[in-house]
1. What is the Rg over Rh value, at two decimals, for the stretch 547-634, using alpha-carbon atoms and the Kirkwood definition of Rh?
2. In terms of modelled amide H atoms, which long-range or inter-chain residues lie less than 5 Å from the amide H of SER296?
3. Report the semi-axes of the equivalent ellipsoid for the stretch 296-350 in whole Å, largest first, where each axis is √(5λ) for an eigenvalue λ of the Cα gyration tensor.
4. Going by amide H atoms built from the backbone, whose H comes under 5 Å of the H on VAL88, apart from near neighbours?
5. Report the extension gain between LYS397 and ARG234 in nm, rounded to one decimal, defined as 0.36 nm multiplied by the number of residues separating them, less their alpha carbon distance.
6. Given the Cα atoms of the stretch 432-518, and with Rh set as the inverse mean 1/r over their pairs in the Kirkwood sense, what is Rg to Rh to two decimals?
7. Where the Cα atoms of the stretch 107-147 are projected onto their three principal axes, how long is each span, largest first, in whole Å?
8. Give the Rg/Rh ratio for the stretch 187-484, taking Rg as the radius of gyration of the Cα atoms and Rh as the Kirkwood radius, to two decimals.
Amino acid sequence: MRRRKITPAACLALAATLCAGALLPVPAAQAAPVPPLPSVSPTPQSLTGTGAAAVVTGRVLVVADGQTDPAARDRLVRELRAHGADRVDTVAPDRIPAGTSGLLKVRLGPGARPDIAQALGGAVVPGQAEGYALRVSGGTSRQIALGGKDAAGQFYAVQTLRQLFVPSGGGWKVAGVQVSDFPSMPLRGTIEGFYGAPWTHAERLDQMDFYGDVKANTYIYAPKDDPYHRDKWRDPYPADKLAELGELVARAGANHVRFTFALSPGVSICYSDRADRDTLKRKLQALYDLGARAFSIPLDDISYTRWNCAADETAYGAAGRTAAAKAQVDLLNDLQRDFIASHEGARPLQMVPTEYGDLTDTTYKQTLRASLDPSVEVMWTGTDTVPPEITNAQAEKAAQLFGRKVFVWDNYPVNDYGNTSGRLLLAPYDKREGGLAAHLSGIVANPMNQPYASKVAVFGAADFTWNDRAYDARRSWPRAMAYLAGGDQAATAALLVFGDLEHLAPTFGGTPWQTQAPELAARVAAFWQAWDAGRRTQAISALRPYAKAIATAPATIRGGAVEKGFTDDAASWLDATELWGRATVDMLDALQAREAGDEAKAAALLAESRELQRQARAVRVSPPRNRWGAAQPQVGDGVLDVFLAAADARLQR
């Protein structure tokens, strides 16, 4: 399986807006400039320079013991071998061979281990779960210390280290830094909770590796169109499907991701029926036996104005908000008490309320607030199914309504509803207020049917949930593109151009909460300002390079540097983008010919542009993965097409 990585050298090759990093302080007497520190994602709580980098020697010693996390150790060895170490030997702290003083030594394990604590120096291992500290000592020391608060912390220390490698001559070195870091939110990741074609097994396995890279620790398995998750929830998974789920649980664990198994029985369950409850527990037990330790019961998108069985009306009263809440609480408390509490290692039960997307107090919420076991995690989507923003005030209000910190199910970048027809949602993760960690237990993003394209927004969501107060969408978005491009500068730039054309983020209605093609729109506005001021040749010359960038971006993205899964997900959109870009170049050339007085050339170029636009509009998403089917891929709509129509009109005058 292909691993994506971005080295600081690749990052620094990009423009400063792509990968900004804090600069080391330079003493006044020092004439030589100090290079910027490497860019690390998610943004650490604290990252400072320590001076000289540590050279990666041909042979490296990894100093580990029985308390070293195996997944962290394996990833460390792999990264060292990928960055110049021909031989990596693992040795115990008290078994370091004589005559190895000149070799790079990497100490990995609990932060309290004496040799690691000493090597960390001033880098403090935080007391929070999943925290870690890291220190790189260069010069003659040639030592790196990676200390975790727990096993996950060790793993995350390695994920930070892999971003600190810098090319040095014909080899590699590790930037001299120290890091003290921990996540702001306990729960971070995704919920595969969309309608339409679920992800394939291979795609899910890849996602687990990706979540490990971005320090996301939660994946909730809840695809609406998996029949065994929702409509046929009573039926056990077939043996082949169960085997796949077992492999997925194992891959998640190897990346310190909590595989969370969700079962959605609300469409047909009889809450008061002991047989239904026993069936539900058997289904959960099957996943527990595979290694799953986190479970969720989504009760969203169901009716609570009718019962599925007459017995529930006898048990809970006439169907309605209050009765539905009583029935749900009865079921959930039973699961928490008799299943979760009785199974070693099981995490607190999660649930999605039927009223999941507002801030209105109702008898439904009042019943949950008063009666639901306080350890149960309650999910909330914000002020709407697709919220245009999530603020601290809103999250605090939600916590009051449900009687606990809420766990946000964020419906971005999901594209399974009508207003997303024909769209890839590639805008950054944005409009979530810093400080939310004080009010939430976590956030999981609901991705698109297209898993690889979803990585753009999920990368940002992981960055935000790790360190929400330091999050900056303008910095995180280019880093996400650089990750997909493996650090390749040209491919990253092409992805940014393409992402701008897929920037619109709609809601279920009303004004989109992120606008379409903001970069192109600004350039088009500048074009018409210059054009109307009589600077027509200047206007054309200024816009033509960006039009060419649109036309050539698809070929660059398909050139091999960008993750292939992304190019497959975006194939129809890339096809259309190339056509729209070529149409724009031809239109500008037609305007230029008109300005030069060559009417015949202008007419020919205009005809070519119109034909390319026709071809672009004829493209269809194929094969369709979404419920909206073989739709026309939307590319810069409302900006690019409007510009071409306006330019066409100018040529008709």
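Each value in this text was obtained by applying a stated rule to the coordinates, not by laboratory testing. Computed from a predicted model, the values in this text were never measured in an experiment. Counting neighbours? That spans all protein chains shown, and the Cβs are built from the backbone with ideal geometry, glycine included.
1. Reported Rg/Rh (Cα atoms, Kirkwood Rh): 1.10.
2. When sequence neighbours closer than 5 places are left aside, the close amide H contacts are PHE261, ALA262, LEU263, GLN350.
3. Details: eigenvalues 127, 29, 12 Å².
So the equivalent ellipsoid measures 25, 12, 8 Å along its semi-axes.
4. Result for VAL88 returns VAL60.
5. In short, 55.1 nm is gained.
6. On the way: Rg = 13.8 Å, Rh = 14.1 Å.
Rounded to two decimals, Rg/Rh equals 0.98.
7. The Cα atoms of the stretch 107-147 stretch 33, 14, 14 Å along their principal axes.
8. Ratio of gyration radius to Kirkwood radius: 0.95.
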